Amino acid sequence: MLALAAVFRINRNGSKLLIELCSMDPQESKFPSTHSNAPFDFRGRNVLITGAGRGIGQHLAQQFCRLGATVFVNDFHDSRATEVVDELQSFGFHPVAMPADITDVRQVQRLFGDIHNQCGGLDIFVNSAGFAQRVPLLEVTEEYWDQMQNVNLKGPFFCLQAAASQMMARGGGRIVLLGSIGGQSAQRNLAAYGAAKAGLSMLAKSAAVDLAPHGITVNVAAPGAVEGPWNDQFFSDPLYRARWEQTVPARRMATNEDVAAAVLFFASMGAGYITGQTLFVDGGKLAYLPSVPSTESDNVRSNGPTP
Ligand SMILES: NC(=O)c1ccc[n+]([C@@H]2O[C@H](COP(=O)([O-])OP(=O)(O)OC[C@H]3O[C@@H](n4cnc5c(N)ncnc54)[C@H](O)[C@@H]3O)[C@@H](O)[C@H]2O)c1
């Protein structure tokens, strides 16, 4: 790994850097030097997951623990973060609860400072915190607009910034943001959320360009509707659910496992040359152009699910 790094750097920066790299302690470049043959071996990695108090983030916390990572469990709700950590501890894992509101930049700085003090810095950052609420376009207020942008775009940005700073000092890292098919195709009464999620994909591209020279990748995993508390209320009507599933080629909702497959892939060591991407986890929904539009399907209900 070290020899490869040297060749890479000499092409860009000249022979003086080659000599420095050759004399470098492998531990100084921790991220690449601990590359494992097992693609999803996260032992020795420090991972922060925001919004991990339930839903997709909670599942990701479980998966990263299972795969050996040291996991920091963030949520806006203290009790949710604590309950997730307590449950994982009962299975013998050692995650750490880190309650904070990611929309508050001072809380973000404190969160990342605490993580740095506890483990020396992050290797992997996953932003799962998010929130959506349908509001008709003409009823959107400044307060609602700000709320949607703050939780779905501003918060992830300042977390990404803080994570990147720690990863640069450690020689690399992986950043994965939870986007949405709603950032690619419009849904009724979700303009503010859709704009924020679309912004995340552009943020990932921009950050990918800035951070690639530092060995940090930035990607978006963008699901369609996922089984879980976010959608429970909308899919409790079996007739509605059956109709909705007809709009998805896979004929079902996504599961947390489906979403985790994309996140773990982006977070894996082998994905170091994949950056600035948005990967849709949608059972083919965005690829599909239904030939007979139905007024009752495709989320047209004003209070329908909000992927
Ligand atoms: N569930 C879906 O159908 C779906 C579809 C597409 C995209 N997504 C995206 O996936 C992500 C996770 O969704 P989910 O289904 O797990 O949602 P969820 O509501 O089940 O969980 C989100 C968690 O984020 C936390 N959170 C909200 N605001 C926060 C803040 N300011 N600071 C810290 N934590 C905060 C909440 O307390 C909650 O525990 C979101 O970004 C969402 O936009 C979800």
The listed residue being touching a residue at least 24 places away in the same chain (Cβ under 8 Å) and in the same structural domain as A69 (by TED's automatic domain parsing), out of A208, A242, A186, A198: A208
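Here's the yes/no breakdown for (1) aliphatic (A, V, I, L, M); (2) within 16 Å of the ligand (Cβ to nearest atom):
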site	(1), (2)
G44	no, no
G51	no, yes
R54	no, yes
H59	no, yes
A69	yes, no
H77	no, yes
V84	yes, yes
G92	no, no
In the stretch 94-135, which residue that is surrounded by fewer than 23 Cβ atoms within 10 Å (Cβ to Cβ) and closer than 18 Å to G44 by Cβ is farthest from the ligand (Cβ to nearest atom)? G120
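Table: residues versus (1) in a helix (DSSP H, G or I); (2) within 11 Å of the ligand (Cβ to nearest atom); (3) small (G, A, S); (4) on the phi > 0 side of the Ramachandran plot.
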residue	(1), (2), (3), (4)
Q161	yes, no, no, no
Q166	yes, no, no, no
R174	no, no, no, no
A186	no, no, yes, no
K197	yes, yes, no, no
L200	yes, yes, no, no
L211	yes, no, no, no
T217	no, no, no, no
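The values are calculated or read from the model by the stated rules, or taken from the named source; none is laboratory data. Note that the coordinates shown come from a computational prediction; the quantities given were computed from them, not determined experimentally. Note that each Cβ is placed from the backbone with ideal geometry, even for glycine, and that neighbours are counted across all protein chains shown.
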